[in-house]
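Student: Submitted below is the structure of interest, expressed as structure tokens.
The values are calculated or read from the model by the stated rules, or taken from the named source; none is laboratory data. All of these numbers come straight from a predicted model, not from anything done at the bench. All Cβ positions, glycine included, derive from the backbone under ideal geometry; neighbour counts span all protein chains shown.
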Amino acid sequence: MEDPLELLRNIKSVAIATVYKDRPEVRMADVMLHEDGKLYFLTARGKPYYKQLKANPEISIVAMDENYVSARVKGMIEFVGKRLLDRIFDENTAMNHIYPGDTREILEVFCLQKGVGEIFDISASIPKRERFAFGGETVNEPGYSINDKYTACGLCKDSCPTGALNEGDVYSIKRSLCFECGNCYEKCPYDAIEMPFDF
């Protein structure tokens, strides 16, 4: 798997969601740097976005490249002062037109330092899902799973659009191929299929 944080840097423009006063907010933002296992961003101190991040530093990011490979990440941010501001402007030259000269002083640098995420690649004939963690976090496996109530009746087998269900004395689900659509879950009369956990 390609480094998912580098994938987000290469896509560059991502949707970032915050929660402020129990209301979701979302906006487009550019990933300015990927360094030391962290993603770096900018915002201006006068923006509602800045106030939202200060009040609740947990964010969620999503982006998709031109090949239909999407990345989702959620985690905690921290503000890191001005130490990378000049470098960010050097590597993202369009910023010099948006905030010319000393006007860049209103900007604050923050980074996503730890989190969990998922790459979902639907570019191939059989889509694949892979989860990841960084900054010391842990992540749950993707996909539905089969518990010990299974009867090997086979009612779920043909319900899977990706062929992730493996037949046998003991059925199993190849979780990286699971769409998480829930078709097998709805078809099972024995409660033998368990819903997936989020990251």
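Student: Determine whether Asp102 is modelled with pLDDT of 90 or more, out of contact with any strand residue (DSSP E or B) (no Cβ under 7 Å at 6 or more places or on another chain) and among the charged types (D, E, K, R).
Tutor: yes
Student: With a cut-off of at least 1 residues that are without any contact (Cβ under 8 Å) to a residue 40 or more places away in the chain and surrounded by 14 or more Cβ atoms within 10 Å (Cβ to Cβ), name the strands (runs of 3 or more DSSP E) lying wholly within segment 1-48.
Tutor: Result: 13-20, 23-30, 33-35.
Student: Same structure again: Which residue pairs have Cβ atoms closer than 6 Å, lie 6 or more positions apart in sequence or on different chains, and pair a first residue in segment 70-81 that is acidic (Asp, Glu) with a second residue that is buried (at least 18 other Cβ atoms within 10 Å of the Cβ)?
Tutor: Pairs found: Glu78/Gln113.
Yes/no per residue for (1) in contact (Cβ under 8 Å) with a residue 60 or more places away in the chain; (2) more than 30 Å from Tyr40 (Cβ to Cβ):
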{"position": "Thr93", "(1), (2)": "no, no"}
{"position": "Asp102", "(1), (2)": "no, no"}
{"position": "Lys114", "(1), (2)": "no, no"}
{"position": "Ile119", "(1), (2)": "yes, no"}
{"position": "Ile146", "(1), (2)": "no, yes"}
{"position": "Ala152", "(1), (2)": "no, yes"}
{"position": "Glu167", "(1), (2)": "no, yes"}
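Student: Does any residue of segment 113-123 turn out to be at pLDDT 95 or above, among the polar types (S, T, N, Q), within 25 Å of the chain's Cα centre (by Cα) and surrounded by 14 or more Cβ atoms within 10 Å (Cβ to Cβ)?
Tutor: Looking for residues that are at pLDDT 95 or above, among the polar types (S, T, N, Q), within 25 Å of the chain's Cα centre (by Cα) and surrounded by 14 or more Cβ atoms within 10 Å (Cβ to Cβ), one finds none in segment 113-123, hence no.
Student: A follow-up question, please. Could you count how many residues in segment 165-184 are of a type in the set (A, V, I, L, M, F, W, C), within 21 Å of Val139 (Cα to Cα), assigned to a loop (DSSP other than H, G, I, E, B) and in contact with a strand residue (DSSP E or B) (Cβ under 9 Å, 6 or more places away or on another chain)?
Tutor: 2
Student: Could you tell me which residue of segment 134-150 is modelled with the lowest pLDDT, considering only residues that are part of a strand (DSSP E or B) and out of contact with any Ser or Thr (no Cβ under 7 Å at 6 or more places or on another chain)?
Tutor: Result: Ser145.
Student: Another question, then. Which members of segment 104-133 meet the condition of being in contact with a helix residue (DSSP H, G or I) (Cβ under 7 Å, 6 or more places away or on another chain), under 30 Å from Asp90 (Cβ atoms) and assigned to a strand (DSSP E or B)?
Tutor: Answer for segment 104-133, where residues must be in contact with a helix residue (DSSP H, G or I) (Cβ under 7 Å, 6 or more places away or on another chain), under 30 Å from Asp90 (Cβ atoms) and assigned to a strand (DSSP E or B): Leu107, Glu108, Val109, Phe110, Gly117, Ile119, Phe132.
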